[in-house]
Structures are given as structure tokens and as C-alpha cells.
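Scroll down for the structure; my scribbles are underneath it.
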Amino acid sequence: MAPEPEAEPLNLEEIEALLRERLDEVRARLAALKKPPERGSGIGFGKRIGDGTTEAIGRFNDVGVADSLEAIESRLERALEKLDDGTYGICDGCGTKIPAGRLRSVPESALCVQCAS
Ligand SMILES: [Zn+2]
């Protein structure tokens, strides 16, 4: 097991690149989810009822996925904002420093463990 690299300072440029990469990915997935279903993939004439049911469940799940993607998107945007204004690593809730280990595992954290729970 490698020792916890807690003592190493955070590489903010690396974190920013990572956050932007994830934001691009999340936005691409959201765009794909939100575009109207392609011709022929929706519930059409001549389809069996079973197909329509599956389709409805599929769409329902997509809405849930889009919601959580939007939540992730806003967290990533907030983290990038914090990098910009120099408050990255400071808890939005109580103003204490967020441990580097937490930022390493969840780089989009804007809250410390206490405020997040
Ligand atoms: Zn806090």
C-alpha cells in the first residue's frame, strides 16, 4: 500500500483540468439525453404493447439520470468557480479548509465532510 499523499500540496492546475474534463463529459451526456428521441425509436404504430412499456420505463430512468447529471454539473461548475476566485478547498458551509485527501478523492467538493453530511 502506498502511503497517503496527504502532505503533498494539491496541484490546482491538474484539478482544474480534471474538473473541466468531467464537466465536458457530463454536458455531452446531458445533451444526448435531452435531444428528442430519433425517428423510429419512440412508441409508434405497429409496436406491441410490451415495447411501449419498456420505452416508457427507459424514458423515466433517463429523467432520473438527467437530474443527477445536472446536480453533478452544478457541483463541477461551483468547484471551477471556487478555483477562479481563490476559495477552492475552503468549505462553502463553514469556511474551514477541506482536507486535501477529500479533494483528491472528490475534487468537486465545495463542502467539508461535516457540512456535506
Ligand atoms: Zn464545512
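Rule-based calculations on the coordinates, nothing more; no lab input. Predicted model, so just to flag it, every value in this text is computed and none were measured. FYI the Cβ positions are ideal-geometry reconstructions off the backbone, even for glycines, and counts take in every protein chain you see.
Key figures
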item	result
When the convex hull of its Cα atoms is projected in every direction, mean area for the range 60-117 (nm²)	4.3 nm²
Label-to-label distance, nm, for residues given as Asp85 and Ala71 (7 Å Cα→Cβ offset)	2.4 nm
Distance (nanometres) between label positions extended 7 Å along Cα→Cβ at Asp62 and Arg20	3.1 nm
